[in-house]
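*Asks:* Attaching a single structure in structure tokens format; questions to follow.
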Amino acid sequence: MKMMEFGEEYAEDTIKNAKALAATLDKHGFDVQGKEFGYTQSHQVAVNVKNFQGGEKVSKTLELNDIILNMNMLPHEPLRNHDRPEGIRIGVQEMTRYRLHFRYAHLRLAIKYHGRKLTRAASHPRIAFLRASPPP
């Protein structure tokens, strides 16, 4: 029912959030893919994290901090990298569903702390609020 009423707005907001996330990651020195195309035309952002020990390591570290994303092969990678890709793929549909705009999202906290070792104890109070709050 909600999708029938808000579906088009939700889709537009999701793409706006993905573009905002990509631009912010790029601004903070991350190797966001597709800059020449406006980063993305969907809910997904691809980032080359080879310099952070690759997609598998980054996705597992972020999962420990309640940030769920996928390790993902990037277009330039050979198929033999399928189990240890250089990239990650970040989807923003859930934060959009929670009516969050990127400036409030917990991924921004990960950007802020990307030079530090993330542990579950490093979780920000906003993340605890998100864990405890069902979507509207």
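The values are calculated or read from the model by the stated rules, or taken from the named source; none is laboratory data. These figures come from a predicted structure and were not determined experimentally. Here the Cβ is made from the backbone with ideal geometry for all residues, glycine too, and neighbour counts use every protein chain on show.
*Asks:* With (1) part of a loop (DSSP other than H, G, I, E, B); (2) surrounded by 13 or more Cβ atoms within 10 Å (Cβ to Cβ); (3) without any contact (Cβ under 8 Å) to a residue 40 or more places away in the chain as the list, and His76 as the residue in question, which single condition is left unmet?
*Replies:* The number of the failed condition is (2).
*Asks:* I want to confirm something. Restricting to the stretch 19-61 and keeping residues that are in contact (Cβ under 8 Å) with a residue 40 or more places away in the chain and within 10 Å of the chain's Cα centre (by Cα), which single residue is nearest to Glu86 (Cα to Cα)?
*Replies:* That would be Val47.
*Asks:* Take the stretch 64-73 and flag every residue that is in contact with a strand residue (DSSP E or B) (Cβ under 8 Å, 6 or more places away or on another chain) and assigned to a loop (DSSP other than H, G, I, E, B).
*Replies:* Of everything in the stretch 64-73, those that are in contact with a strand residue (DSSP E or B) (Cβ under 8 Å, 6 or more places away or on another chain) and assigned to a loop (DSSP other than H, G, I, E, B) turn out to be Leu69, Met73.
*Asks:* Out of (1) modelled with pLDDT under 95; (2) within 29 Å of Phe6 (Cβ to Cβ); (3) out of contact with any Pro (no Cβ under 6 Å at 6 or more places or on another chain), the odd one out for Ala121 is which?
*Replies:* Of everything listed in (1) modelled with pLDDT under 95; (2) within 29 Å of Phe6 (Cβ to Cβ); (3) out of contact with any Pro (no Cβ under 6 Å at 6 or more places or on another chain), Ala121 misses just condition (2).
*Asks:* State which residue is modelled with the lowest pLDDT when the search covers only the stretch 1-34 and only residues that are of a type outside the set (A, V, I, L, M) and loosely packed, with under 11 Cβ neighbours inside 10 Å.
*Replies:* Lys2
*Asks:* Assuming Arg99 fulfils every condition listed in (1) among the basic types (Lys, Arg); (2) at pLDDT below 90; (3) surrounded by 14 or more Cβ atoms within 10 Å (Cβ to Cβ) apart from one, which condition is it?
*Replies:* Single failed check for Arg99: (3).
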